[in-house]
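For reference, the structure discussed in these notes is given below.
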Amino acid sequence: MRFVLAIVLFVVAVATAGLGVAQRTVLQGPDHITASVQLAGDAPFVILDGSVLNSHPGTQMVKIEGEGPLFMAYGRSDDITAWVGEASADVIGYDADAVELTADARPGTEEESPSPAGSDLWIQEFSGEGELVRNINVPTDVSVLIASDGTAAAPAQISVTWPLDNSTPWSGPLIVGGIAILLLGLVALIWALVHARRRHGPRRKTPKMPKAPRPAQLKPAPRRSAITAGAGDTGARGRRRAAVAAPIALVGVLAFTACTADGGAVPSATPSSTDAIAAAEIDPPVVTQQQFERIVSQVSSAVAKADEASSARTAGTRLAGPALELRTANYKARKENSKVAALPAFPAGEAQLILPQQRHEWPRVVFATISGDENAEYGAMFVQETPRSDYKVHYIMRLTQSIPEVAPVDLGAARLAPDNKLLAYTPEQLATEYGDVLLKGDESEFATHFDAENDLLRSTFGVEYKEQRRKDLPTASLKFSSSVGDEEPYAFATNDTGAIVAVDLQETETVKPKETGAAINPTGAVKALSGKQTTTKGIAATYGMQVLFYVPPATADDQTVRVLGFTQGLISAREVA
C-alpha cells in the first residue's frame, strides 16, 4: 500500500509540474496582436483615430514605413481634424473580425498643404526616415496624424500592435506544488522501503501450546416478542441507528427552518430614490501642460533670436498686438541710437501657472505666469488665431501682485466676454476708466473703482509723475491724453467668480514750446523714433501700457479693482502737425 501511495504521488507531481511548465511554453498564447493596412492613394495625410487605437487595451505601437521623410504626431482628435481642414486624407478604421486596418479616402479641395511639423496643436510629434516606430498610450479622444512633408503622399504601410495578456499566474504555483508533491512521494517511497525491509527480516517460530478445555455451551432462553413496534431496536443496534438518525433529523429541521424563516426569498438591493445628475458638458482646455511648456520654450527662443538681430519680422513669428508693437518700436529706436535701453528679455523660466481657455473653436487664448530673471515673474496672454497658426503672445506684463486662485490646467477656465455684466465692472470699460485715473488721480470720477494703495503703475506714471515732468520742462507746455489701444481685452474667470483682465491702454505726451520761435529738442528713444533733432512745432510721444487687472464679481462686498501687473514703453513718436 505504501508503494502504491508513493507511485500515486509521483504521478501527481509529474502531472502538476508538467502542466505548470506547459503553461509557460507550448500552451502559452501570443503576447501581441497586429493589424496593418497598405495604402494605395496619394493623400498627404493619414488620420488614425483614437477609437481605432483603443480597439484593444494596452499601449499602442504604431509603425509607419515609406520613402523619404516620415512624420507622426498625436493630439486631440478635433484639433487634428481642424488642422487637416480641406486637405485630402485617408482615415484609418479597424475591422475586428479580420483583425485588419481599413482605409477610407476623404477627398479634399486644398491643392498644396503645409508641413504639419512644429504645430502648437500637437501634444507630441516624431520624425524619421524610411521607418518610424513609436509606442504611445492615448485615450479615445486623441488621434494620430501621419504624413511625409505635407506635399508628398503619406507613408503607405501602417500597422498598429497591441499587447495581449498571456500571463500564466497558475504556472508558478503548479510547478512549486509539483515539486512539493514529488518530495512527499520520495518520503512515501523511503517509508515503504523501510517498512518492507523490516517485514522480510529473520523471525523465530513460536511453539504450539496445548488447547484449553472448552466450557459447556448454554443455550440462551427464548426471547419474548416485542410489545410495540420498534421495541426490538432498544439494544446496541437500535442505539447506533438512533445516533445516526438524530443528526439527519436535525439537519432536516435546520434546512426546513432556513427555507421558511424569511418566507423563502432573499431581499434584493433596491435602487436609490435619487438618480445621479449628469455633469454639464464643457469644452476641454485648449492645451495640456506638456504641450504648453513646449510652446513657451519655442516663444522664448524665437524672441531671443529677434532681440539679438533686432528683427521685428522674427519677433512677429511669436509676438503680436501690444507686445509686438512695443518690441518693434524698441528695435527701431536702438537701430537709430544704440544707447537706447533694450526691453527685458522674454522670460525663459518655468510656467508657474497655466490657465487655458475651455474651447473647441478658434481663436484660442491661454493665460500663463512665467518666471524670468532676477526673481521677476511675468503674466502673458497667448493667442492662437487659426488651427494652423502658432500661439503668439499679445500681452506680456511684469507682475506686481499675486494672481488670485484659478482653475487647474487640466480643467481650464472660460474666457469672459468684454461686456460681461457679472463682474463689478465690464472688461471693456477698464482701460477708459483707468486711463482717466492716471491723468487726474483722486480727482477722477473713477478713482474709487481702483485700489490706489498697492498700485505701482499709478504711483510711477500717475499724476505725481506728470507734475514732475512739467517741472522738468519749464519752457515747454505738456499735455497728456489717454486712449484705448487696438487690442481687445482678454478676461478669464477666477475661482471666486471674479476675473483677471488684460487691457491695452495708450497714453500720449505732447510737448510744445511755450514761446514763439522756441524749439524742442527730443532725446533718446523719442528722438530716434520721431527722426527729429529739433522742432519748433512740438513732439507727440505715445506710450503703450499693457495692464493686468483683477476684477471682483458683482456680488462681492469689496468691488475694488486691483492692478496685478503692467508693462509700459514708448511705441511711437512724431512731430506735431
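What nm distance separates the two modelled labels at W362 and S477, each placed 7 Å from Cα along Cα→Cβ?
5.0
With N denoting the number of residues in region 64-141, provide Rg(C-alpha) divided by 2.2 N^0.38 Å, to two decimal places.
1.19
Once you put a point 7 Å from the Cα of D486 and another 7 Å from the Cα of K537, both along the Cβ direction, what distance in nm separates them?
2.2
What full-extension length gain, to one decimal in nm, is calculated for T102 and N454 as 0.36 nm per residue of separation minus the Cα-Cα distance?
120.4 nm
Would you work out the charge dipole size for region 1-151 about its Cα centre, treating the Cβ of every Lys and Arg as +1 and the Cβ of every Asp and Glu as -1, and quote it to the nearest 20 debye?
Approximately 1560 debye in magnitude.
Give the span of region 379-524's Cα atoms along each principal axis, as three whole-Å numbers ordered largest to smallest.
63, 39, 25
With r as the distance between the Cβ atoms of T523 and E281 and R0 = 45 Å, compute the FRET efficiency 1/(1 + (r/R0)^6) and round to 0.05.
Here the calculated transfer efficiency is 0.15.
Largest first, please: the extent of the C-alpha atoms of region 351-393 along each principal axis, to the nearest Å.
Each principal axis gives a Cα extent; for region 351-393 these are 37, 18, 10 Å.
Rounded to a whole number, what is D in µm²/s for region 323-401 from Stokes-Einstein with the Kirkwood radius over alpha-carbon pairs (10 °C, 1.306 mPa s)?
Calculated translational D: 113 µm²/s.
Just the number please: accessible area per residue for region 348-474, 1.4 Å probe, all protein chains included, in Å².
48
With respect to the cross-link table entries K392/K527; K305/K339; K335/K471; K335/K440; K392/K537, which display a Cα-Cα separation exceeding 28 Å?
K392/K527; K335/K471; K335/K440; K392/K537
In whole angstrom, and with the biggest value first, how far do the Cα coordinates of region 295-347 range along each principal axis?
33, 18, 16
Would you mind getting the Kirkwood hydrodynamic radius of region 491-577 from its Cα pairs, rounded to one decimal in Å?
15.5
Could you state the accessible area per residue of region 510-555 in Å², with a 1.4 Å probe and every protein chain left in place?
Accessible area per residue: 45 Å².
Applying a 10 Å radius around every beta-carbon, put 2-8, 343-349, 319-325 in order of their mean neighbour count, most first.
Taking the mean over residues of other Cβ atoms within 10 Å, the ranking is 319-325, 343-349, 2-8.
Within region 40-98, list the GluC sites (Glu not before Pro) lying in a DSSP loop whose Cβ has at most 16 other Cβ atoms in a 10 Å radius.
Counting only loop positions with at most 16 other Cβ atoms within 10 Å, the GluC sites (Glu not before Pro) in region 40-98 are E86.
For Y490, enumerate residues with amide H under 5 Å from its amide H, sequence gap 5+ or separate chain, H modeled in the peptide plane.
Amide H neighbours of Y490, under 5 Å, 5+ apart: A502.
Which peptide among 91-104, 463-476 comes first, and what is the full order, when sorted by highest mean count of other Cβ atoms within 10 Å?
91-104, 463-476
Take every Cα-Cα pair in region 111-158 and report what % of them are more than 15 Å apart.
Tail fraction, whole percent: 51.
Kirkwood hydrodynamic radius, computed over distinct alpha-carbon pairs, for region 473-533: how many Å, to one decimal?
About 15.0 Å for region 473-533.
Å³ per residue of the Cα convex hull, for region 10-107?
For region 10-107, the hull spanned by Cα atoms encloses 145 Å³ per residue.
Based on the Cβ-Cβ distance from E405 to S301, what FRET efficiency comes out when R0 is 45 Å, to the nearest 0.05?
For E405 and S301, the calculated efficiency is 0.90.
What FRET efficiency comes out for the pair E67/R313, r = Cβ-Cβ distance, R0 = 35 Å, nearest 0.05?
Efficiency computed from Cβ-Cβ geometry: 0.50.
Can you list the residues of region 177-195 with backbone N under 17 Å from a point 7 Å past the Cα of V8, pointing along Cα to Cβ?
181-193
The values are calculated or read from the model by the stated rules, or taken from the named source; none is laboratory data. As the structure is a prediction and not an experimental result, all values here were calculated from the model. Counting neighbours? That spans all protein chains shown, and the Cβs are built from the backbone with ideal geometry, glycine included. The protein model used for the area step is the full one, side chains on, heavy atoms only, and it has no ligands, DNA or RNA in it. Shrake-Rupley method; radii C 1.70, N 1.55, O 1.52, S 1.80 Å.
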